[in-house]
Amino acid sequence: MTKIFKYLLRAGALALLGLSVSSCGIYSFSGTSIQPDVHSITVNFIENRALLVNPELSNLLTEELIDKYRKLTSLDILDEGGDLEVGGEITGYDVRPTTVTADEVAAQNRLTITVKMYYVNNKHPEENFESKSFTAYEDYDSTQSLDAVQSSLCQTIVETIVEDIFNATVANW
């Protein structure tokens with residue numbers, strides 16, 4: 001009988017702790033720290049202004065960013081006029097050799113993507129930033145052409161950049 005009582009007591013304490021943490025309105029279990037008066041976000045289209053242009057990258061980055069906010073926050077996604085606003089541009093899309101063989105031939109190449117973002121919090125402007133760069137890269141074997149690996153590399157790189165943007169905006173990391 002005492003085991004059941006101890007179990008119920010622990011379960012009640014955990015439930016109370018969970019309610020107290022989530023009721024403050026600033027912290028959530030997804031790691032976000034969104035103020036309780038913020039209810040919506042506008043994710044503007046990320047334009048591609050890099051010298052080398054991947055025509056699918058802007059759309060991929062914009063959609064992945066929208067999906068991230070949709071999945072990990074309770075914010076309404078608005079086309080315009082959100083309490084939060086995020087947007088930017090792709091400023092770099094570069095391929096460079098990273099490893100060179102004894103014959104001075106590239107053994108590996110690196111695809112690097114750089115994005116310059118802005119973030120506006122219309123309710124709490126002290127959290128705004130005008131121009132913050134986010135960069136990620138992936139290496140690939142030089143025996144493969146960029147066309148053959150570009151899609152999977154971009155997906156991986158975009159996931160990393162989106163995570164970094166998310167953390168810089170609503171996770172305050």
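Structure above, values below:
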read-out: Glu63 paired with Ser131, simple spin-label distance in nm, labels 7 Å along Cα-to-beta-carbon; value: 3.1
read-out: Charge context of Asn48, other residues only, Cβ under 12 angstrom, K/R +1, D/E -1; value: -1
read-out: Mean separation of Cα contacts under 8 Å, 6 or more apart, over the residue count of region 35-169: relative contact order %; value: 23
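Here, each number is a calculation from the coordinates, and none is a lab measurement. Please read these numbers as outputs of a predicted model, since none were measured by experiment. So basically every Cβ, Gly included, is an ideal-geometry build from the backbone, and we count neighbours across all protein chains shown.
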